[in-house]
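Read the structure below first, then the notes.
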Amino acid sequence: ETGVTQTPRHLVMGMTNKKSLKCEQHLGHNAMYWYKQSAKKPLELMFVYSLEERVENNSVPSRFSPECPNSSHLFLHLHTLQPEDSALYLCASSDGQVVAGELFFGEGSRLTVL
Amino acid sequence: GENVEQHPSTLSVQEGDSAVIKCTYSDSASNYFPWYKQELGKRPQLIIDIRSNVGEKKDQRIAVTLNKTAKHFSLHITETQPEDSAVYFCAARSSGNTPLVFGKGTRLSVIA
(Lines give C-alpha, C1' and ligand atoms only; values in the text may rest on other atoms or scores of the structure.)
Protein backbone atom coordinates (compact mmCIF):
# COMPACT_ATOMS: atom_id res chain seq x y z
CA GLU A 1 0.00 0.00 0.00
CA THR A 2 2.82 2.41 0.79
CA GLY A 3 5.23 3.73 -1.81
CA VAL A 4 7.81 4.88 0.76
CA THR A 5 9.01 2.41 3.37
CA GLN A 6 11.09 3.28 6.41
CA THR A 7 12.91 0.95 8.80
CA PRO A 8 13.12 0.64 11.68
CA ARG A 9 9.84 2.17 12.83
CA HIS A 10 11.17 2.58 16.36
CA LEU A 11 14.74 2.91 17.58
CA VAL A 12 16.20 3.46 21.03
CA MET A 13 19.88 4.20 21.23
CA GLY A 14 22.45 5.43 23.67
CA MET A 15 24.51 8.52 23.05
CA THR A 16 27.55 6.47 22.08
CA ASN A 17 25.80 4.09 19.70
CA LYS A 18 25.95 4.06 15.92
CA LYS A 19 22.78 3.20 14.04
CA SER A 20 21.23 3.82 10.63
CA LEU A 21 17.75 4.65 9.37
CA LYS A 22 16.73 3.25 6.01
CA CYS A 23 14.25 4.54 3.46
CA GLU A 24 13.14 2.89 0.24
CA GLN A 25 10.76 4.30 -2.35
CA HIS A 26 8.96 2.25 -4.99
CA LEU A 27 7.47 5.20 -6.90
CA GLY A 28 10.19 5.82 -9.45
CA HIS A 29 10.88 9.26 -8.01
CA ASN A 30 14.12 11.16 -8.49
CA ALA A 31 14.27 13.21 -5.31
CA MET A 32 14.42 11.98 -1.71
CA TYR A 33 14.35 13.88 1.56
CA TRP A 34 14.96 13.51 5.28
CA TYR A 35 12.76 15.57 7.62
CA LYS A 36 12.87 15.83 11.40
CA GLN A 37 9.54 16.14 13.21
CA SER A 38 9.62 17.31 16.83
CA ALA A 39 6.70 18.28 19.02
CA LYS A 40 5.40 21.81 18.45
CA LYS A 41 7.91 22.50 15.69
CA PRO A 42 7.56 22.69 11.91
CA LEU A 43 8.74 19.82 9.83
CA GLU A 44 12.47 20.53 9.58
CA LEU A 45 14.15 19.70 6.30
CA MET A 46 17.50 18.03 6.90
CA PHE A 47 18.75 16.75 3.56
CA VAL A 48 17.61 16.57 -0.04
CA TYR A 49 18.95 14.33 -2.76
CA SER A 50 18.03 14.89 -6.38
CA LEU A 51 19.23 12.32 -8.90
CA GLU A 52 21.41 10.87 -6.13
CA GLU A 53 23.26 14.14 -5.57
CA ARG A 54 22.83 16.09 -2.35
CA VAL A 55 21.29 19.44 -3.18
CA GLU A 56 20.37 20.67 0.28
CA ASN A 57 21.99 20.42 3.68
CA ASN A 58 20.29 22.67 6.19
CA SER A 59 23.14 23.12 8.66
CA VAL A 60 22.53 19.72 10.15
CA PRO A 61 25.09 18.57 12.76
CA SER A 62 27.71 16.19 11.47
CA ARG A 63 26.47 13.47 13.82
CA PHE A 64 23.80 12.95 11.12
CA SER A 65 25.26 11.57 7.90
CA PRO A 66 23.06 10.86 4.85
CA GLU A 67 23.77 8.38 2.10
CA CYS A 68 21.93 7.91 -1.18
CA PRO A 69 23.42 4.92 -3.05
CA ASN A 70 20.72 5.04 -5.76
CA SER A 71 17.48 6.84 -6.53
CA SER A 72 15.39 4.30 -4.60
CA HIS A 73 17.31 4.17 -1.33
CA LEU A 74 18.23 6.73 1.27
CA PHE A 75 20.00 6.21 4.58
CA LEU A 76 20.57 8.39 7.61
CA HIS A 77 23.59 7.28 9.64
CA LEU A 78 23.51 8.29 13.28
CA HIS A 79 26.42 8.49 15.72
CA THR A 80 27.03 10.12 19.10
CA LEU A 81 23.56 11.61 19.16
CA GLN A 82 22.18 13.84 21.89
CA PRO A 83 18.89 13.46 23.78
CA GLU A 84 17.51 16.49 21.92
CA ASP A 85 17.84 14.49 18.71
CA SER A 86 14.94 12.33 19.86
CA ALA A 87 12.20 12.86 17.27
CA LEU A 88 10.28 11.30 14.41
CA TYR A 89 12.45 11.15 11.29
CA LEU A 90 10.43 11.19 8.10
CA CYS A 91 11.67 10.20 4.69
CA ALA A 92 9.91 11.53 1.60
CA SER A 93 10.24 11.35 -2.15
CA SER A 94 8.98 13.43 -5.05
CA ASP A 95 8.79 13.17 -8.81
CA GLY A 96 10.78 15.10 -11.34
CA GLN A 97 14.39 15.99 -11.75
CA VAL A 98 14.07 19.09 -9.63
CA VAL A 99 13.08 19.59 -6.04
CA ALA A 100 9.41 20.02 -6.64
CA GLY A 101 6.03 18.41 -6.64
CA GLU A 102 4.00 16.50 -4.11
CA LEU A 103 5.93 14.89 -1.30
CA PHE A 104 5.19 11.25 -0.53
CA PHE A 105 6.16 10.48 3.05
CA GLY A 106 7.09 7.27 4.77
CA GLU A 107 5.58 6.30 8.12
CA GLY A 108 8.64 7.61 9.93
CA SER A 109 11.25 6.24 12.31
CA ARG A 110 10.65 7.20 15.95
CA LEU A 111 14.08 7.75 17.51
CA THR A 112 14.73 7.94 21.24
CA VAL A 113 18.20 8.87 22.44
CA LEU A 114 18.91 7.97 26.04
CA GLY B 1 14.52 32.44 2.92
CA GLU B 2 10.85 31.62 3.21
CA ASN B 3 9.12 31.66 6.61
CA VAL B 4 5.65 30.21 7.18
CA GLU B 5 3.50 31.00 10.21
CA GLN B 6 0.43 28.88 10.98
CA HIS B 7 -2.49 29.56 13.33
CA PRO B 8 -4.06 28.31 15.48
CA SER B 9 -1.86 25.58 16.93
CA THR B 10 -4.92 23.72 18.24
CA LEU B 11 -8.55 23.87 17.17
CA SER B 12 -11.60 22.06 18.51
CA VAL B 13 -14.92 22.10 16.68
CA GLN B 14 -18.22 20.32 17.03
CA GLU B 15 -19.03 17.74 14.40
CA GLY B 16 -20.78 19.41 11.51
CA ASP B 17 -19.24 22.83 12.12
CA SER B 18 -16.61 24.43 9.89
CA ALA B 19 -12.90 24.72 10.64
CA VAL B 20 -10.50 27.34 9.30
CA ILE B 21 -6.72 27.24 9.54
CA LYS B 22 -4.63 30.22 8.43
CA CYS B 23 -1.05 30.57 7.24
CA THR B 24 1.11 33.50 6.27
CA TYR B 25 4.30 33.43 4.26
CA SER B 26 7.15 35.89 3.85
CA ASP B 27 8.54 35.39 0.34
CA SER B 28 6.43 37.15 -2.28
CA ALA B 29 8.03 34.91 -4.92
CA SER B 30 6.43 31.78 -3.44
CA ASN B 31 4.11 30.17 -5.92
CA TYR B 32 2.99 26.81 -4.52
CA PHE B 33 1.00 26.23 -1.34
CA PRO B 34 0.09 22.67 -0.33
CA TRP B 35 -1.73 21.40 2.74
CA TYR B 36 -0.81 18.09 4.38
CA LYS B 37 -2.88 16.06 6.83
CA GLN B 38 -1.22 13.81 9.40
CA GLU B 39 -3.46 11.47 11.36
CA LEU B 40 -2.21 10.14 14.68
CA GLY B 41 0.66 7.75 14.10
CA LYS B 42 0.42 8.10 10.34
CA ARG B 43 2.43 9.79 7.62
CA PRO B 44 1.63 13.30 6.35
CA GLN B 45 -0.40 13.18 3.15
CA LEU B 46 -1.25 15.90 0.66
CA ILE B 47 -4.92 16.83 0.76
CA ILE B 48 -5.08 19.93 -1.41
CA ASP B 49 -2.78 22.49 -2.96
CA ILE B 50 -3.02 25.83 -4.73
CA ARG B 51 -0.75 27.73 -7.05
CA SER B 52 -0.24 31.47 -7.14
CA ASN B 53 -2.21 31.95 -10.33
CA VAL B 54 -5.40 30.77 -8.60
CA GLY B 55 -7.31 32.45 -5.77
CA GLU B 56 -9.41 29.54 -4.58
CA LYS B 57 -9.62 25.79 -5.02
CA LYS B 58 -12.21 23.39 -3.71
CA ASP B 59 -12.38 19.62 -3.35
CA GLN B 60 -15.60 18.36 -1.79
CA ARG B 61 -15.59 19.54 1.84
CA ILE B 62 -12.18 21.18 1.78
CA ALA B 63 -11.17 24.42 0.13
CA VAL B 64 -8.09 26.60 0.09
CA THR B 65 -7.98 30.35 -0.53
CA LEU B 66 -4.94 32.42 -1.40
CA ASN B 67 -4.42 36.16 -1.00
CA LYS B 68 -1.15 37.02 -2.72
CA THR B 69 -1.30 40.68 -1.76
CA ALA B 70 -1.54 39.90 1.93
CA LYS B 71 0.65 36.80 1.59
CA HIS B 72 -1.69 34.50 3.37
CA PHE B 73 -3.63 31.35 2.56
CA SER B 74 -6.26 29.40 4.44
CA LEU B 75 -7.71 25.91 4.65
CA HIS B 76 -11.47 25.60 5.09
CA ILE B 77 -13.14 22.36 6.10
CA THR B 78 -16.94 22.32 6.08
CA GLU B 79 -19.30 19.83 7.73
CA THR B 80 -16.47 18.45 9.82
CA GLN B 81 -16.46 14.77 10.74
CA PRO B 82 -14.55 12.86 13.44
CA GLU B 83 -12.21 11.46 10.78
CA ASP B 84 -11.08 15.01 10.03
CA SER B 85 -9.30 14.98 13.41
CA ALA B 86 -5.58 15.23 12.62
CA VAL B 87 -2.66 17.62 12.45
CA TYR B 88 -2.75 19.86 9.39
CA PHE B 89 0.41 21.45 7.97
CA CYS B 90 0.55 24.28 5.49
CA ALA B 91 3.63 24.83 3.36
CA ALA B 92 5.01 27.23 0.81
CA ARG B 93 7.64 27.00 -1.87
CA SER B 94 9.50 29.80 -3.56
CA SER B 95 10.03 29.74 -7.28
CA GLY B 96 12.82 27.59 -8.59
CA ASN B 97 14.20 24.41 -7.18
CA THR B 98 13.64 25.17 -3.52
CA PRO B 99 12.12 22.68 -1.07
CA LEU B 100 8.87 23.27 0.76
CA VAL B 101 8.88 25.23 4.01
CA PHE B 102 6.27 23.98 6.47
CA GLY B 103 4.25 25.68 9.18
CA LYS B 104 4.20 24.32 12.74
CA GLY B 105 0.94 22.50 12.25
CA THR B 106 -2.60 22.75 13.64
CA ARG B 107 -4.06 19.96 15.71
CA LEU B 108 -7.75 19.76 14.80
CA SER B 109 -10.13 17.86 17.04
CA VAL B 110 -13.66 17.22 15.85
CA ILE B 111 -15.94 16.45 18.77
CA ALA B 112 -18.84 14.12 18.05
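The values are calculated or read from the model by the stated rules, or taken from the named source; none is laboratory data. Quick caveat, the model's predicted, so the values are computed rather than measured. Neighbour counts run over all protein chains shown; Cβ positions are idealised from the backbone, glycine included. The accessibility values were calculated without ligands, DNA or RNA, using every heavy atom of the protein model including side chains. Shrake-Rupley method; radii C 1.70, N 1.55, O 1.52, S 1.80 Å.
Under the rule a/c < 1.5 gives rounded, and otherwise a/b versus b/c splits prolate from oblate, where does segment B:36-112 land using the Cα gyration tensor? Oblate. Rolling a 1.4 Å probe over the protein heavy atoms gives chain B an accessible area of 50 Å² per residue. Taking the Cα centre of the protein assembly as shown as reference, the dipole from Cβ charges on Lys and Arg (+1) and Asp and Glu (-1) amounts to some 460 debye. Heavy atoms of chains B and A lose about 1600 Å² of accessible surface on contact, summed over both sides with a 1.4 Å probe. Straight-distance candidates among the lysines for linking to A:Lys22, with alpha-carbon spacing under 17 Å and chain neighbours fewer than 8 residues away dropped: A:Lys36. Counting only residues at least eight positions apart within a chain, or on another chain, the lysines with an alpha carbon under 25 Å from that of B:Lys58 are B:Lys22, B:Lys37, B:Lys42, B:Lys68, B:Lys71, B:Lys104.
The mean number of Cβ atoms from other chains found within 10 Å of a Cβ in peptide B:67-75 is 0, as a whole number. Only Lys, Arg, Asp and Glu carry charge here, each on its Cβ (+1 for the first two, -1 for the last two); on that basis segment B:19-85 has a dipole of about 180 debye about its Cα centre.
The distance from the alpha carbon centre of segment B:38-66 to that of segment A:19-47 is 21 Å, rounded to a whole number. Accessible area per residue for segment A:1-98, computed on protein heavy atoms with a 1.4 Å probe, is 49 Å². On chain B, 45 percent of the accessible area sits on carbon and sulfur atoms, based on a 1.4 Å probe. Largest first and in whole Å, the equivalent-ellipsoid semi-axes of chain A read 23, 14, 13, each the square root of five times a Cα gyration tensor eigenvalue.
Translational diffusion of the protein assembly as shown, estimated by Stokes-Einstein from the Kirkwood radius over alpha carbon pairs at 20 °C in a medium of 1.002 mPa s, is 118 µm² per second. Tally Lys and Arg at +1 and Asp and Glu at -1 over the other residues with C-beta under 10 Å from the C-beta of B:Gln6: what net charge comes out? Neighbour charge sum, excluding B:Gln6 itself: +1. By the Cβ rule of 4.7 Å, the protein assembly as shown holds the following cysteines without a possible disulfide partner: A:Cys68. Per atom type, segment A:50-104 shows carbon and sulfur on 46% of its accessible surface, probed at 1.4 Å.
Under 5 Å between amide hydrogens, built in the peptide plane, is the criterion, and for A:Glu56 it picks out A:Val48 among residues at least 5 positions away or on other chains. Positive end of the dipole of chain A (Cβ unit charges, origin at the Cα centre): among A:Leu81, A:Cys68, A:Gln6, the Cα lying farthest that way belongs to A:Leu81. Note on A:Lys22: accessible area approximately 70 square angstrom, rounded to 10, probe 1.4 Å, nucleic acids and ligands left out.
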